[in-house]
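Peer 1: Sharing a structure with you now.
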Amino acid sequence: MNDVRPGLAEPVRDCMKPDPFSLSPVMSVHEAARALLARDLCGAPVVDDRGVLVGIFSEADALKSTLDADYHGIGAGCVADYMSREVQGVAVSATIQEAAEMLLRHHRRILPVVQGPRLVGQLSRGDVLRRVVPARVATS
């Protein structure tokens, strides 16, 4: 029988951050980059006007668009032109263990939390660690 550390069997909804900051796919890359920098974020989920998760936009995406624009002498474009469309979201009903395994498997710092196709929260590696690592370690 596989023992599960306390906290890992709890649902993601119990430790996610609800209503995370998100970007629009039609937002300009420069506007999105300024928003990430202002919030000290390395990336953010991208949602359409119905709140449906459609991508992730990262600092790397912003940098690539800027370099492309400089090289080709064109505008930087919009978020949809550069965002990652293969999004690994975790269901709000999943366990924290399932989410932790996804974070590790996909080498992510954060996971969008979804209920159906809609973005409802965000979970970070830090959120998981705070839930499962004891606040104090007993010493012998």
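Peer 1: For Ala35, are the conditions met, namely being in a helix (DSSP H, G or I) and at pLDDT 95 or above? Break it down into steps so the answer makes sense when it comes.
Peer 2: On the way: in a helix (DSSP H, G or I): yes; at pLDDT 95 or above: yes.
Answer is yes for this residue.
Peer 1: Please determine whether any residue of segment 82-99 is touching a Ser or Thr at 6+ places or on another chain (Cβ under 9 Å) and either surrounded by 20 or more Cβ atoms within 10 Å (Cβ to Cβ) or modelled with pLDDT of 95 or more (or both).
Peer 2: Among the residues of segment 82-99, at least one is touching a Ser or Thr at 6+ places or on another chain (Cβ under 9 Å) and either surrounded by 20 or more Cβ atoms within 10 Å (Cβ to Cβ) or modelled with pLDDT of 95 or more (or both), which makes the answer yes.
Peer 1: So, one more: If a residue must be of a type in the set (A, V, I, L, M, F, W, C) and assigned to a strand (DSSP E or B), how many such residues does segment 80-112 contain? Show your work before the answer.
Peer 2: Within segment 80-112, the subset of a type in the set (A, V, I, L, M, F, W, C) is 80, 83, 87, 90-92, 94, 96, 99-100, 102-104, 110-111.
Of the ones still in play, those that are also assigned to a strand (DSSP E or B) are 90-91, 110-111.
Residues that pass the stated criteria total 4.
Per-residue answers, yes or no, for (1) at pLDDT below 90; (2) loosely packed, with under 13 Cβ neighbours inside 10 Å; (3) within 15 Å of the chain's Cα centre (by Cα); (4) part of a loop (DSSP other than H, G, I, E, B):
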{"site": "Pro6", "(1), (2), (3), (4)": "yes, yes, no, yes"}
{"site": "Ala9", "(1), (2), (3), (4)": "yes, yes, no, yes"}
{"site": "Pro20", "(1), (2), (3), (4)": "no, no, yes, yes"}
{"site": "Lys64", "(1), (2), (3), (4)": "yes, no, no, no"}
{"site": "Leu67", "(1), (2), (3), (4)": "yes, yes, no, no"}
{"site": "Tyr71", "(1), (2), (3), (4)": "yes, yes, no, no"}
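The values are calculated or read from the model by the stated rules, or taken from the named source; none is laboratory data. Not measured: the values here are computed from a predicted model. Neighbour counts run over all protein chains shown; Cβ positions are idealised from the backbone, glycine included.
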